Structures are given as C-alpha cells and as structure tokens.
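Colleague: Would you mind keeping the following structure in view while I ask a few things?
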Amino acid sequence: MKLRAKISPKYLDQIVRGEKAWEYRQIETITLVCPDGRIAEFGVGRLDIVSAEIVAKYHPDVPWDLKKPVLAMKLVAVVVDRDKRF
C-alpha cells in the first residue's frame, strides 16, 4: 500500500534535509479496491501499528513482508458503495 498526502513545502524540505522524521495525518476514509473491480470507501475509526509476524499468524493467505510494519484500521460505516454486490 502506498499513502499519498499533500504537504506544505516547509515541512517537505525539513523531512528531505533530515530535520523532521515524523509526519502526522488525520485519516478520514480509506478506499478499498478488489481485483474484480468492486470499490468501497469506509470511514476510519482507529489506527494502530502492529507486527507483521502477528498478523501473518491470523491471515496466512496474505504474503506479508515481515520486515515492514502493518497499519491496522478499524473501519466504520460505508461512505460510498460503488458496487451493489457488497
């Protein structure tokens, strides 16, 4: 997953120069897209960083990269349902 966010030039310059290492964002929604074309947007109620090793135990069918952190999201109400098959 890749995250993309707008940032002011001042803060981007500080990050690039190594003066700032943390970036904070408030997440309103996430759009989930299936390979079969279904798309739905959900509100985000909570975010946590969890170990990929722990998540891999519960979801072994996903090829987790154990070196990368996992962003766990508590999803709330459907904001947009672009496919009525849900």
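The values are calculated or read from the model by the stated rules, or taken from the named source; none is laboratory data. Since we're looking at a predicted model, the values are computed, not measured. Backbone-built Cβ (ideal geometry, glycine too); neighbour counts: all protein chains shown.
Colleague: Scan region 19-32 and give yes if some residue there is modelled with pLDDT under 95, touching a Ser or Thr at 6+ places or on another chain (Cβ under 7 Å), within 15 Å of V76 (Cβ to Cβ) and not acidic (D, E), otherwise no.
Modeller: no
Colleague: Within region 20-60, which residues are over 16 Å from L71 (Cα atoms) and more than 17 Å from the chain's Cα centre (by Cα)?
Modeller: K20, A21, P35, D36, G37, R38, P60
Colleague: Considering every residue within region 6-19, establish whether at least one is under 18 Å from the mean Cα position of the chain (by Cα), surrounded by 10 or more Cβ atoms within 10 Å (Cβ to Cβ) and hydrophobic (A, V, I, L, M, F, W, C). Give the steps one after another, and end with the answer.
Modeller: Start the filter on region 6-19 by keeping residues that are under 18 Å from the mean Cα position of the chain (by Cα), which leaves 6-7.
If we keep only those that are surrounded by 10 or more Cβ atoms within 10 Å (Cβ to Cβ) as well, we get 7.
Next, only the ones that are hydrophobic (A, V, I, L, M, F, W, C) stay: 7.
The answer is yes, given that some residue of region 6-19 is under 18 Å from the mean Cα position of the chain (by Cα), surrounded by 10 or more Cβ atoms within 10 Å (Cβ to Cβ) and hydrophobic (A, V, I, L, M, F, W, C).
Colleague: Moving to a separate point now. Every residue in region 1-34 that is over 17 Å from R46 (Cα atoms), outside any loop (DSSP other than H, G, I, E, B) and among the aliphatic types (A, V, I, L, M), please.
Modeller: L12, I15, V16, V33
Colleague: Among (1) surrounded by 11 or more Cβ atoms within 10 Å (Cβ to Cβ); (2) out of contact with any Lys or Arg (no Cβ under 9 Å at 6 or more places or on another chain), where does I39 come up short?
Modeller: Single failed check for I39: (2).
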